[in-house]
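The values are calculated or read from the model by the stated rules, or taken from the named source; none is laboratory data. Remember, predicted model here, so these are calculated numbers, not experimental data. Cβ coordinates were reconstructed from backbone atoms using ideal geometry, including for glycine residues, and neighbour counts include every protein chain displayed. When the accessible area is computed, the model is the full protein with side chains, heavy atoms only, and any ligands, DNA or RNA have been set aside. Shrake-Rupley method; radii C 1.70, N 1.55, O 1.52, S 1.80 Å.
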Amino acid sequence: MAEILVLVDHADGAVRKPALELLTLARRIGEPSAVVLGAGDKAAELAAKAAEYGAAKVYVADGAEFADQLVVPKVDALAQIAKTAAPAAVLVTSSGEGKEVAARVA
């Protein structure tokens, strides 16, 4: 089954509902893998929540740059993960930030 990357949108240590919905959708079309970016000490909790919704793998990237800038570090990290994993698709929520990340990664 083809790997499907899902960028996990989160705030205040909690996964946002649209990201969970994308993980559920990804199970229908392939093997979902969550991408958790800039979560700090909450990364393990977010990864566990993503696994509850079907993520077979979880890619985590963190660093000071995620707190300093909103989009560019996420774009760079997601593009690198996508290049390495070679997924069939990359799913991103349709939030304002998600749309910008998706456009830049594309």
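What size of dipole, in debye to the nearest 20, comes out for the chain about its Cα centre when the only charges are +1 on Lys and Arg C-beta atoms and -1 on Asp and Glu C-beta atoms?
On the way: 11 positive and 14 negative charges, 80 e Å.
Once rounded to the nearest 20, the dipole reads 380 debye.
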Work from the charge dipole of the chain (Cβ charges, +1 for Lys and Arg, -1 for Asp and Glu, about the Cα centre) and give the residue of 10, 36, 105 farthest towards its positive end. 105
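Please compute the net charge surrounding residue 101, taking Lys and Arg as +1 and Asp and Glu as -1 over other residues with Cβ under 13 Å from its Cβ.
Numbers: positive: 74, 99, 104; negative: 9, 76, 97, 100.
Value of the local net charge: -1.
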Kindly state, to the nearest 0.05, the FRET efficiency for residue 11 paired with residue 48, given R0 = 25 Å and r defined as their beta-carbon distance. 0.90
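Please give the per residue accessible area of the chain, computed with a probe of 1.4 Å over protein heavy atoms only, in Å².
Details: 5710 Å² over 106 residues.
Computed with neighbouring chains in place, this is 54 Å² per residue.
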Could you check the spin-label model distance between residue 21 and residue 85? Points 7 Å from the Cα along Cα→Cβ, value in nm. 2.1 nm
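Work out which helices of the chain, taken as complete DSSP H runs, extend at least 15 Å along their axis over the Cα atoms and score a mean Kyte-Doolittle of -0.5 or more, then list them.
Values: long enough: 17-29 (19 Å, 0.35); 72-85 (20 Å, 0.49).
TM-like helix candidates: 17-29, 72-85.
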Could you pull out every one of the aspartates and glutamates with an alpha carbon less than 13 Å from that of residue 74, ignoring same-chain neighbours closer than 8 positions? 9, 62, 65, 97, 100
Separation of alpha-carbon centers, the stretch 26-45 and the stretch 64-83, rounded to whole Å: 14 Å
Using a/c under 1.5 as the rounded threshold, could you call the stretch 50-106 rounded, prolate or oblate? The axes a ≥ b ≥ c are square roots of the C-alpha gyration tensor eigenvalues, and prolate needs a/b larger than b/c, oblate otherwise. rounded
For the chain, the accessible surface attributable to carbon and sulfur atoms (probe 1.4 angstrom, ligands and nucleic acids excluded) amounts in percent to 51 percent
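Below 8 Å, C-alpha to C-alpha, sequence gap of six or more: please give me the relative contact order for the chain in percent.
Values: 173 pairs, mean separation 34.6, N = 106.
This gives 33 percent for the chain.
Apply the a/c threshold of 1.5 to the C-alpha gyration tensor of the stretch 1-86 and tell me whether it is rounded, prolate or oblate.
Working: a/c = 2.03, a/b = 1.31, b/c = 1.55.
Cα axes put the stretch 1-86 in the oblate bin.
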